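The next block holds one structure in the form of structure tokens; read it before the comments.
Here, each number is a calculation from the coordinates, and none is a lab measurement. Bear in mind that the values here come from a model prediction, so they are computed numbers and not experimental data. Reconstructed Cβ throughout: ideal geometry from the backbone, glycine too, with neighbour counts over all protein chains shown.
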Amino acid sequence: MKVLLITPPLLQPNTPYAATPLLTAWLRSQGHDTAQADLSLELLLTLFSKNGLSELFQALEHPQIPASEYIDTIESVISFLQGKSPHLAEELSERGTLPEGPNLFRAYEQEEQLGWGFRGVGTEDRASHLCSLYLDDIAEAVKMLDPNFGFSRYAEDLAVSLPSLGKLRETLRTSDSIFFQTLEKITDQAVETHQPELVGITVPFPGCLLGALAIAQRIRHTRAKLKIVLGGGYVNTELRELSEPDIFDFVDYIALDSGMLPLLRIANGETPVRTFVRENGRVRFHEDAGQPIAHDTLPAPVFDGLPMGSYFGLFEVLNPVTRLWSDGPWNKLVLAHGCCWGRCEFCDTSVDYISRYDPATPSTICDWMETMIAQSKFNGFHFVDEALPPDLLNPLCDEILRRGLSVEWWGNIRFETRFSTKLIDKMATAGCIAVTGGLETCCDRTLKMMRKGITVETASKTLEHFADAGIMTHAYLMFGFPTQTENETFQALETVRSLIDKGALHSAYWHRFALTAHSGISLDPARFSIHLLEEPPSRFARNEIPFDAGFDYDLDAIFEILRKATYNYQLGIGLDLPIHHWR
């Protein structure tokens, strides 16, 4: 069967998302003629072009926006960020080259006030930063026409825990923004080019759902008999209790968990597995049948069909760790399916992508890496595992060093004691440049409640060891966890301040605790002193559950304090101030 796999808008434009390269390789290995298209990147490149901006500013009719200056400079900026025009760095780093919208103007004002020369970055990085803020200013203009638009997400708020399809259907029916007009055109082009018999669309995040449905709707309109299957991280998490038959006006199949076997069965014309369908006007779920495909048996991801030279990085925040997500071309690779720990009570531990741990061997992983480098022509890797297992990283580093692979890589870990100084030094030698991980509440009492398996003291020492080895660190932090007190939250902030001040922690971000339907806490809320609130009846998406934890302080106000303090700490500002300064 001729299959087309699509990445819908919107995602970060710096590198291909991991799903379609892996699934394309898998289906080809099983005999199916499979192609892939990144419509997220294609949409952004179409919007951020001379013609795209001409249409945008013509529709806006905003007298205060210097439209011609943006139209004259857009191609140079995109070409530079794609790495095609490095000679433009000097010119683009000079003030006056690019028109100044609010983001760019603020950056220059901050530089003038602090006198820091954009944290001392070189000419090329300075130009990348300014060009990124220039694009952010254009994105703000797009939002004037379409408030749902964001650089790496679209209509995200509409898709989170959505009890029915009504709002999405209405948005698709009534919206005629430049986003949808452009998406329809590039969808038509992709289908015409590849002439598929089956289309698979991955929906990794809520900010991709509306784009995915817009693509499906367009295909339904132009190729009514073409079969469409939906899958991906959002589907796996939020649509597990699906009973809304109307979604099948857009697609024919909705597949859960790892897509290899469901896609293969559909492409083979066989009875689907782990897949929702509509039968006689009602939703039916075809249960699992047989063992999942072993991770170690998968082929290396492939990139042909993706415009590898057209991806462009963004350097919006002057932090070397934060930059990794949005800048630089990375080969995204999964070393092990599932989580090597899988016990955190706040996590979706009952869902396959967490609960089923299945690692590849170091030899297979290095084979994948060599194949991907040969295709992509770059040697950077983002290992996108839930948590990189120390017991796998140790022999993997040995294999990387044995083969003499010259690579750079980073990924998510657990700040646990199994990361010895010996292993950390070996990781650095084998190309590790950064690690991210959860410090969560940064409080031993609540870390024990959530079964995180770390303590503040041991995690802090692990962070110090990574920093000493020259490996950058980033921490995910949590506030509003059940029973967490205001004093504990500020003590956590003090720990973060201290770690940043020591140079052990280079970047951090605070998330508000969310109670999800597939977590351990949702199964036993009383143990965590929370009361579940009434939910609206859900026929479509269900994930985040409303609850009352009886907090006697303002979580919104707390978040603003945490955000402001940590932002300044990362810039080296206010590290000598007492915590109460930020209250």
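Worth a mention:
- Phe559-Tyr108 FRET efficiency (beta carbon distance; Förster radius 22 Å; 0.05 resolution): 0.20
- Burial ranking of peptide ranges 424-436, 270-282 (average Cβ count within 10 Å, highest at the top): 424-436, 270-282
- Highest-first arrangement of 191-202, 545-556, where packing means the average Cβ count within 10 Å: 191-202, 545-556
- Helix content alone sets the calculated 222 nm mean residue ellipticity of the chain: runs of n ≥ 4 DSSP H residues at -39500 (n - 2.57) each, divided across all residues, give -13000 deg cm²/dmol.
- Solitary cysteines of the chain, where the nearest other Cys Cβ is not under 4.7 Å: Cys131, Cys208, Cys339, Cys340, Cys366, Cys397, Cys432, Cys442, Cys443
- Peptide ranges 439-446, 495-502 listed from the most packed, as the mean C-beta count within 10 angstrom indicates: 439-446, 495-502
- Neighbour net charge for Met308 - beta-carbon separation under 15 angstrom, K R +1, D E -1: 0
- Straight-line cross-link partners of Lys502 among the lysines, defined as a Cα under 23 Å from its Cα and at least 8 positions apart when in the same chain: Lys422, Lys426, Lys461, Lys564.
- Spacing of the modelled spin labels on Leu575 and Glu535, each 7 Å from Cα toward Cβ, amounts to 4.4 nm.
- For Arg218, the shell of other residues with beta-carbons less than 11 Å away shows a net charge of +1, using +1 for Lys and Arg and -1 for Asp and Glu.
- Once the Cα-Cα distance is subtracted from the 0.36 nm per residue extended length, the Leu523 to Glu544 segment shows a gain of 6.2 nm.
- Fully extending the segment from Ala289 to Asp468, taken as 0.36 nm per residue of separation minus the present Cα-Cα distance, adds 59.6 nm.
- 10 Å-binned pair-distance histogram of the stretch 46-152 (Cα, whole percent): 14, 47, 31, 8
- Taking 0.36 nm per residue of separation and subtracting the current Cα-Cα distance, fully stretching the chain between Glu170 and Leu401 would add 77.7 nm.
- Total formal charge among the other residues, if their Cβ is under 9 angstrom from that of Ile354, Lys/Arg +1 and Asp/Glu -1: -2
- The antiparallel fraction among DSSP beta bridges confined to the chain stands at about 25%.
- Placing R0 at 35 angstrom, the Cβ-Cβ distance between Ser79 and Val160 gives a FRET efficiency of 0.45 after rounding to 0.05.
- Taking label points 7 Å from Cα along the Cα-to-Cβ direction, Tyr509 and Arg583 give a separation of 2.9 nm.
- Projected label distance in nm at Thr455 and Glu91, using a 7 Å step from Cα toward the beta-carbon: 6.0 nm
- Each eigenvalue of the Cα gyration tensor of the chain, multiplied by 5 and square-rooted, gives one semi-axis; in descending order these are 34, 31, 27 Å.
- Among the helices of the chain, those built from whole DSSP H runs whose Cα atoms reach 30 Å or more along their own axis and whose mean Kyte-Doolittle hydropathy is at least 0.0 are 123-145.
- Given R0 = 51 Å, the distance between the Cβ atoms of Asn280 and Arg343 translates into a calculated FRET efficiency of 0.75.
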